[in-house]
Amino acid sequence: MRRLRPVTVRARATLGASSVVAVALAIASFSLLGLLDANLLHNAESDAEAQATGVAQLAQAGRLTPQLPPTHGADFLQVVDAHGTVLSSSQNLAGRPAISDRRPSVPGTVFGTWDISPLGSEHRQRVVQVTTDTGQGLVTVYAGTSLRDVDAADTTTAAALAVGMPLLLLTVAVVTWWVTGRALQPVEAIRAEVAEISDRDLHRRVPVPQTQDEVARLAVTMNATLDRLESSGRRQRQFIADASHELRSPLTVLRTQLEVAMAVRDPAAWPELIEGALEDTDRLQRLAADLLLLARIDSAEPLSAAPVDLTELVAEAVAIRRGDRCPAEGELAEGVRVTGSALLLTRVVTNLLDNAQRFADRRVEVRLRELPSARLAVLEVTDDGPGIPAADRERIFERFTRLDDARSRDHGGAGLGLAIARDLVRHHRGTLTAEPAEQGARLVVRLPLADPR
């Protein structure tokens, strides 16, 4: 059965539409035949009943004649008494015995469909039996009308339906096949275009039909997906190029120092060379850790959804830096709680403080507060350094970005700290932005507050 199922959408739509129309036509045809038969049969009964009732009235009045004249609406008439004796009949039943052996015992009217062989007719007869009480006893009048018109109408209608239904079904199937094919042409064009797009052709886009229907929206969505893929691929290639560039410098310096250490035979020079090699090794280690963290963030690994006391976390990060060149001063609201990973949020605060201390002249300020109306925790880190130009307030969050490349290298930055911080904040459904400040730089983190316990 699975092999017989249509595979394509076009075939399934055609089969479905044809099946529904076939069922509807079958129901309509049977209903039409039934209504037509019932209507014609009712008309025949009405005519026969009228004739039988008229003859019954003649019998009551005692005005029956041995032969009844032909009438409209009845093919034959016969009057029989309670003993089965034929009292009167139409000409086509003259001299014939009673057409029925049954003798009614009470007055009334009975309808029935009989095959009357004495008439020599191939059609059924609808017989109305009217029993009435006369002075000489019960008399039964039989009036019959041929159902040839009913049978002919049924036969003609059935033949017309037998021819018309297949033609109509075929028309429905052809039209459905054609319309579905036309509707699916844009889908096939989209499929063909996507099938030809490789990782080197992400700049290509699928055609968008002008119909503004579901297919057009599908094409727009597909192009948006290709835009994201192209952007992701471009970022990945740029990231690899930048990472390679960042790794090349410390590796080159480290190799040079090791080669010098091997060439210099003076043991007194070795400690200085080894110290420099260790510094570059530490720089490589930090850079590798940052790259690994970025890879984890890009892979969208799920976060642990645990409540975190952000006030305590920031206070610990500030306290550790009290002896630094530019100590951080904090103004922290009590009991600010968010949901997320304490380890990753600590990394966010650490990166922001590192960035602020790297460029500050004398001081770094940290403020933590709540916005109850917006259900947000707001963390601000401000320094009194040279500040960030308005045009670069978004660019500083790009990976390996340095506004002053030479000075950033002197300060030991690889241009990943703020990029990592923003990605981690976004991972916690928050935002990290650079905002205007009276002096220096001002970075603001907004995180959703944890649900109250």
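Things to note:
- Filter pass, Ala219 being in contact with a Leu (Cβ under 8 Å, 6 or more places away or on another chain), surrounded by 13 or more Cβ atoms within 10 Å (Cβ to Cβ), small (Gly, Ala, Ser) and part of a helix (DSSP H, G or I): no
- Selection status of Ala377, out of contact with any Ser or Thr (no Cβ under 6 Å at 6 or more places or on another chain), modelled with pLDDT of 85 or more, aliphatic (A, V, I, L, M) and assigned to a helix (DSSP H, G or I): no
- Complete set of residues in the range 166-203 that are of a type in the set (D, E, K, R) and touching a residue at least 12 places away in the same chain (Cβ under 8 Å): Glu193, Asp199
- One residue stands out in the range 135-146 among those that are modelled with pLDDT of 80 or more and over 17 Å from Val106 (Cβ atoms): the one that is surrounded by the fewest Cβ atoms within 10 Å (Cβ to Cβ), namely Thr145.
- Test: Thr85 is at pLDDT 80 or above and either in contact with a Lys or Arg (Cβ under 6 Å, 6 or more places away or on another chain) or of a type in the set (Val, Ile, Thr) (or both): yes
- Per the listing Val187, Val208, Val175, the residue uniquely over 30 Å from Gly34 (Cβ atoms) and part of a helix (DSSP H, G or I) is Val187.
- If you go through the range 194-230 and pick out every residue that is closer than 21 Å to Thr180 by Cβ, acidic (Asp, Glu) and touching a helix residue (DSSP H, G or I) at 6+ places or on another chain (Cβ under 9 Å), you end up with 1.
Yes/no matrix, rows are residues, columns are (1) out of contact with any helix residue (DSSP H, G or I) (no Cβ under 9 Å at 6 or more places or on another chain); (2) closer than 20 Å to Val163 by Cβ; (3) modelled with pLDDT of 90 or more:
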position: Arg5; (1), (2), (3): no, no, no
position: Ala13; (1), (2), (3): no, no, no
position: Gly16; (1), (2), (3): no, no, no
position: Val23; (1), (2), (3): yes, yes, yes
position: Ile27; (1), (2), (3): yes, yes, yes
position: Ser31; (1), (2), (3): yes, yes, yes
position: Asp37; (1), (2), (3): no, yes, no
position: His42; (1), (2), (3): yes, no, no
position: Asp47; (1), (2), (3): yes, no, no
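- Within the range 378-389, residues that are assigned by TED's automatic domain parsing to the domain that holds Val349 and within 18 Å of Arg362 (Cβ to Cβ) sit with their Cβ atoms under 7 Å from residues that are assigned to a strand (DSSP E or B) and among the acidic types (Asp, Glu), at 6+ positions apart or across chains, in these pairs: Thr382/Glu365.
- Test: residue in the range 144-165 that is small (Gly, Ala, Ser) and assigned to a strand (DSSP E or B): yes
- If the condition is being surrounded by 12 or more Cβ atoms within 10 Å (Cβ to Cβ) and among the aliphatic types (A, V, I, L, M), then the range 268-288 contributes Ala269, Leu273, Ile274, Ala277, Leu278, Leu284, Leu287, Ala288.
- Within the range 55-107, the set of residues being closer than 12 Å to Asp133 by Cα, of a type in the set (S, T, N, Q) and assigned to a helix (DSSP H, G or I) comprises Gln57, Gln60.
The values are calculated or read from the model by the stated rules, or taken from the named source; none is laboratory data. Just so it is clear, the structure is predicted and the values come from calculations on it, not from any experiment. Every residue, glycine among them, receives a Cβ derived from its backbone with ideal geometry; neighbour counts consider all protein chains shown.
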